[in-house]
Amino acid sequence: MLGDSANLGSVKVSRWRYVIASVVINLCLGAVYAFSFLVPPLEQQFGWKRIETSPAFTIALLTFALSMIPAGRLQDKKGPKAAASLGGLLLGWGMILSSFTDSLASLYISYGLIAGLGIGFAYGAPIATCTKWFPDKKGLATGLVVFGFGGGAIIFAPFWAFMIGACNWSSTFLVTGLLFMALAVSAAQVLRNPRPDYKPAGWSPPVKSAAVREDLEPAEMVRTPAFFLMWVTYWLGTTAGLMTIGQAKLVAMELAHIEPDTASLAVSILGGFNAAGRLMWGFLGDRLEREKMLIADFAICFVALIILSTIFEPLIFIIGLSLVGLCFGGFLALYPALTSDRYGAKNLGINYGIVFTAYGGGSVLGPTMASYFRTFHGSYLPAFYIAAVLALMGVLVTFLLKKG
């Protein structure tokens, strides 16, 4: 296909190979979202409560977000293969060590810290690589890559359920660690950057507006007004999304009085919409202005959160949950491409790593807000009211970003 191959030395290769390798890596990384399928056997064996095991998931998300900065610097300096390979090794090693868990501290270190580091080091490299190979289709390429991250839990959750039933939790962690290490490290060997002057055949870069500055260093980026607005909107969106995703089953059972099995199905549907949203919003972002799509994303998220906080008919409630998943997937697809649009591809690894710290902020505020209101006020509803306000603020702040 015209424009879908590039000369690498004297060898002509399809640039889609980098997307395929990136999706494989992200399928492994995205399994982190299926944490709730892994921990019940540990809680049963050791007598732990969910409030004691859930910090392992929070630590993993925080470590993931914060480690994106050094990971981005590594990939910008040494290339994506180095960062993704290190990430795959750390992820696999963290899961293997988790198979020997005998205390909460060891679970926090192995699953939370080490596996979280692995996710952080491997996550950004595929995104930056595909963005550079697809300057003409940034949103689609990014959407496909993060679709893999969103689909990881969908694939590995039933696999883990089967493994735990057939073997035990320890063997499941061990086999998963070896599998992650083999798949992620092997796929990482495919990744490489194109030449700095690479352009797909028949494509010319669009004319940039005066507000867009190419190839900024991190210190320059963080001093721009647009960076502050991007970070704030990303934080607002991920706060609302992670709050809903993290509590979806319990919220469905409590607010809409949905039966446990149906609530589990609703979580799976939410996960499917989360994955699909990464493709849909990425695709639309290439064809329409990305800031406009971000405004639409926040607007739909606001409507979905209003539905969840006011309408408790089960079918409509599940539709609301699904729309939040769709919008959350869109945030993960739009912001990497938007960062590249605004600040160039040269330092995208570390620049997007800095922007991605907003996800870390959302991973703390969202779930904490939900747990606080449920524990001290007896209901999740106040958290959803606040999340709806945050989504509406996202619409307004994105308007400012668009004008800048």
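When 270, 242, 250, 288 are screened for being more than 30 Å from residue 371 (Cβ to Cβ) and of a type in the set (A, V, I, L, M), only 288 passes. In a residue-by-residue description of segment 356-374, the property of being buried (at least 24 other Cβ atoms within 10 Å of the Cβ) and among the β-branched types (Val, Ile, Thr) applies to no position. The set of residues in segment 165-192 being within 30 Å of residue 43 (Cα to Cα) and either among the basic types (Lys, Arg) or assigned to a loop (DSSP other than H, G, I, E, B) (or both) consists of 167, 168.
Report every pair of residues separated by at least 6 positions or lying on different chains whose Cβ atoms are under 7 Å apart, first residue within segment 146-165 and under 18 Å from residue 122 (Cα atoms), second among the acidic types (Asp, Glu). Cβ pairs passing all conditions: none.
Among the residues of segment 318-374, those identified as of a type in the set (Gly, Ala, Ser) and either farther than 19 Å from residue 150 by Cβ or out of contact with any helix residue (DSSP H, G or I) (no Cβ under 7 Å at 6 or more places or on another chain) (or both) are 340, 344, 345, 349, 353, 361, 370, 371. Set side by side, the residues 317, 328 differ, and just one is among the aromatic types (Phe, Trp, Tyr), closer than 24 Å to residue 153 by Cα, part of a helix (DSSP H, G or I) and touching a Gly at 6+ places or on another chain (Cβ under 8 Å), which is 328. Within the option set 258, 307, being in contact with a helix residue (DSSP H, G or I) (Cβ under 9 Å, 6 or more places away or on another chain), crowded, with 17+ Cβ neighbours inside 10 Å and not in a helix (DSSP H, G or I) holds for one residue only, 258. For residue 195, the conditions (1) part of a loop (DSSP other than H, G, I, E, B); (2) touching a residue at least 12 places away in the same chain (Cβ under 8 Å) all hold with the exception of (2).
When 81, 49, 77 are checked against the criterion of being at pLDDT 90 or above and of a type in the set (Lys, Arg), 81 stands alone in meeting it. Here residue 140 fulfils each of the conditions (1) out of contact with any Lys or Arg (no Cβ under 9 Å at 6 or more places or on another chain); (2) under 30 Å from residue 42 (Cα atoms) apart from (2).
Would you say residue 285 is more than 21 Å from residue 254 (Cβ to Cβ) and under 18 Å from the mean Cα position of the chain (by Cα)?
Yes, satisfied.
Regarding residue 96, is this residue surrounded by fewer than 24 Cβ atoms within 10 Å (Cβ to Cβ) and at pLDDT below 90? No, not satisfied. Just a yes or no: is a residue in segment 105-119 out of contact with any helix residue (DSSP H, G or I) (no Cβ under 8 Å at 6 or more places or on another chain) and either under 28 Å from residue 366 (Cβ atoms) or among the aromatic types (Phe, Trp, Tyr) (or both)? The answer is yes, given that some residue of segment 105-119 is out of contact with any helix residue (DSSP H, G or I) (no Cβ under 8 Å at 6 or more places or on another chain) and either under 28 Å from residue 366 (Cβ atoms) or among the aromatic types (Phe, Trp, Tyr) (or both). Of all residues in segment 375-386, at least one satisfies being assigned by TED's automatic domain parsing to the domain that holds residue 236, more than 16 Å from residue 250 (Cβ to Cβ) and touching a residue at least 12 places away in the same chain (Cβ under 8 Å). Checked against the criteria, residue 276 does not count as of a type in the set (Gly, Ala, Ser), touching a residue at least 12 places away in the same chain (Cβ under 8 Å), surrounded by fewer than 24 Cβ atoms within 10 Å (Cβ to Cβ) and within 19 Å of residue 232 (Cβ to Cβ). Of all the residues in segment 60-89, those that are of a type in the set (A, V, I, L, M, F, W, C), crowded, with 24+ Cβ neighbours inside 10 Å and under 24 Å from residue 179 (Cβ atoms) number 7.
The values are calculated or read from the model by the stated rules, or taken from the named source; none is laboratory data. All of these numbers come straight from a predicted model, not from anything done at the bench. Note: ideal-geometry Cβ built from the backbone for every residue, glycine included; neighbour counts use all protein chains shown.
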